[in-house]
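Report on the following structure.
The values are calculated or read from the model by the stated rules, or taken from the named source; none is laboratory data. No experiment lies behind these values; they were computed from the predicted model shown. For neighbour counting, all protein chains shown are included, and Cβ atoms are generated from backbone atoms with ideal geometry for every residue, glycine included.
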Amino acid sequence: EKGGFETFMAKEIHEQPQAVADTLRGRIDETGQIVLDEVRMSDQDFRDIDKVFIVACGTSYHAGLVTKYAIEHWTRIPCEVELASEFRYRDPVLDRSTLVVVISQSGETMDTLMALRHAKDQKARVLAISNTVGSTIPRESDAVLYTRAGIEVAVASTKAFLTQLAACYLVGLHLAQVRGIKYADEVSAILDELVAAPGKIAKVIENLEPVREMARASAGKDRVLFIGRHVGYPVALEGALKLKELAYLHAEGFAAGELKHGPISLIEDGTPVVAIVPSPRGRSLLHDKMISNIQEVKARGAKVIAICEEGDAITASHADFVIETPASPTLLAPLLTTVPLQEFAIELATALGRDIDQPRNLAKSVTVE
Ligand code: M6R
């Protein structure tokens, strides 16, 4: 049932193009409008929202972090992202015009469920993004948008994450469309790019051998650091989480600009640093800043593995190793840049003899608070 792959996780990585395509299917009509019928919220409901909270755990929380950048940019509605286990204990400001988006692959995560109940008690509207039809979180939410990743067996989440991103982008773009769009051209271009994403994810998957080599070369190290900016920052967090889960190795993700405020002291000769580099096009300021961060860590002895856009010669001239991903709008890039990090974690953990699908101490669905 692993379909010729060594592990379920490897199989699920390869299923990602299909899973994302399935999640988008039927949700964008011929006129380029997003139709989210099963969401059971009217356009007016979406227009009434003046604040969004995204609440989730683990990898699903990282999907939420990416979504914040997209929602605020496309809709100008303030959006906060919070770990479910923290959310309800700090008395967040919620009311009828707040949309709380809870993201849960399993739909059974107790921390997320308790956060959802708290939000409902405060009269907020709750929209669930879940992969599991009929599970508790969608059942208790006011509305639901299902991802269509199919069953994810490996404890470490891969295809569920990419489909959560796809679903979250749809919600963000839908919000932008119903509220009157400031960036109409941009939104329609983004929609085209979203539809093209599965093909690009497939290209990334075809080109994973260099990632595997770099992972094997990093297997003897005590720690691996991941750095990113903008949406590359949550991708760095996700890359580090995958490596912690699978390899039982100290891995941490940082906002690259924050390194100089402390974490750069972790770097010693040969420390692998995986840098998620933004596209050199358009937002080139971000790219410049990332190159400076790469230089900072290299000057302290780091071995830099850069995940960058294809043809990015500047990054190639600064990094020790380069993994190229197809060009993409900045906000959608996590659909592509996450994939090499998933493979990096598998390969490094395999080199250390770990159990890939069933890492120690972890459960697929965490039903205790
Ligand atoms: O089922 P959920 O999306 O609610 O699960 C949340 C986390 O427990 C989950 O993403 C966990 O972090 C994964 N093992 C990460 O790979």
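Quick rundown of the values:
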quantity: Test: residue in segment 91-103 that is within 23 Å of residue 160 (Cβ to Cβ) and of a type in the set (D, E, K, R); calculated: no
quantity: Of residues in segment 274-288 being over 21 Å from the mean Cα position of the chain (by Cα) and in a loop (DSSP other than H, G, I, E, B), the one modelled with the lowest pLDDT; calculated: 282
quantity: Which numbered condition residue 89 misses (of (1) closer than 30 Å to residue 363 by Cβ; (2) in a loop (DSSP other than H, G, I, E, B); (3) at pLDDT below 95; (4) not aliphatic (A, V, I, L, M)); calculated: (2)
quantity: Every residue from segment 316-345 that is of a type in the set (Gly, Ala, Ser) and under 24 Å from residue 195 (Cβ atoms); calculated: 327, 328, 333
quantity: Scope segment 127-140; condition away from the ligand (no atom under 13 Å from the Cβ) and either under 22 Å from residue 17 (Cα atoms) or in a loop (DSSP other than H, G, I, E, B) (or both); matching residues; calculated: 133, 134
quantity: Residue in segment 20-27 that is within 22 Å of residue 143 (Cα to Cα) and among the β-branched types (Val, Ile, Thr) present; calculated: yes
quantity: Residue ID - surrounded by the fewest Cβ atoms within 10 Å (Cβ to Cβ), chosen from residues in segment 67-85 that are in contact with a Phe, Trp or Tyr (Cβ under 9 Å, 6 or more places away or on another chain) and outside any helix (DSSP H, G or I); calculated: 83
quantity: Residue within segment 225-236 that is of a type outside the set (A, V, I, L, M), within 16 Å of the ligand (Cβ to nearest atom), buried (at least 20 other Cβ atoms within 10 Å of the Cβ) and not in a helix (DSSP H, G or I) present; calculated: yes
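Residue by residue, here is whether (1) away from the ligand (no atom under 16 Å from the Cβ); (2) closer than 23 Å to residue 255 by Cβ; (3) free of Cβ contacts under 8 Å to residues at least 40 places away in the same chain; (4) in contact with a Pro (Cβ under 8 Å, 6 or more places away or on another chain) holds:
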{"residue": "278", "(1), (2), (3), (4)": "yes, yes, no, no"}
{"residue": "289", "(1), (2), (3), (4)": "yes, yes, no, no"}
{"residue": "292", "(1), (2), (3), (4)": "yes, yes, yes, no"}
{"residue": "306", "(1), (2), (3), (4)": "yes, yes, yes, no"}
{"residue": "327", "(1), (2), (3), (4)": "yes, no, no, no"}
{"residue": "344", "(1), (2), (3), (4)": "no, yes, no, no"}
{"residue": "357", "(1), (2), (3), (4)": "no, no, no, no"}
{"residue": "362", "(1), (2), (3), (4)": "no, no, no, no"}
